[in-house]
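Right, one structure below, let's go through it.
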Amino acid sequence: MTKETFSPEETLELGEALGRAAKPGEVYVLIGDLGVGKTVFTQGIARGLDIKEPISSPTFTIVQVYEEGRMPFYHFDVYRIGDVEEMEEIGYEDYFYGEGLSLVEWGDLIQEILPESRKEITIEKDLEKGFDYRKITVREVT
Ligand code: ADP
Ligand code: MG
């Protein structure tokens, strides 16, 4: 599925729709450059899971856990990760193969430990179409 958005609100709404449809144990991987809208999209996902707490990027912790929604939400941002060993240290398998929804910003940086079955969401800009334009592609990988 590919969708074009023209404002942060639209990206948030798309995330919300996906969050509403999310099932326990799923892993979503967000791919796209810095400032493209991964965290905005994630805020939508959280809203779709009925999480009221504000979501920001867990830059210093790798993972931020939210328990108040429809299911646990594990928000990873692996932008600053040096090595996948850091994922092992935090016990990522308990999250990826657990009963919550895992979402990984910059997931392409930890390709080798991603579960075989996952959703890949790619966000791209196209400045010719405007500063706030984003193309969002959702792909089921198995
Ligand atoms: P990332 O997490 O990918 O580094 P953020 O979500 O933190 O990026 O930031 C995206 C920025 O782009 C925000 O300042 C947001 O307001 C802006 N923006 C402009 N247009 C859009 C759009 N269509 N979708 C998402 N964000 C947008
Ligand atoms: Mg981010």
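Side notes on the structure shown:
- Residues of segment 1-17 classified as in a strand (DSSP E or B) and crowded, with 19+ Cβ neighbours inside 10 Å, total: 1
- All conditions in (1) surrounded by fewer than 19 Cβ atoms within 10 Å (Cβ to Cβ); (2) over 22 Å from GLU116 (Cβ atoms); (3) of a type in the set (Val, Ile, Thr) hold for THR42, with the sole exception of (1).
- When residues of segment 33-64 are limited to those that are β-branched (Val, Ile, Thr) and in contact (Cβ under 8 Å) with a residue 24 or more places away in the chain, the one farthest from GLU99 (Cα to Cα): VAL36
- Assessment of segment 18-32 against the conditions (surrounded by 14 or more Cβ atoms within 10 Å (Cβ to Cβ), within 16 Å of ligand 2 (Cβ to nearest atom) and basic (Lys, Arg)) yields no matching residue.
- Check on VAL84, of a type in the set (A, V, I, L, M, F, W, C) and within 13 Å of ligand 1 (Cβ to nearest atom): no
Bear in mind that the values in this text are calculations on the coordinates, not laboratory data. These numbers come from a predicted model, not from an experiment. Here Cβ is always computed from backbone atoms with ideal geometry, including for glycine, and neighbour counts include all displayed protein chains.
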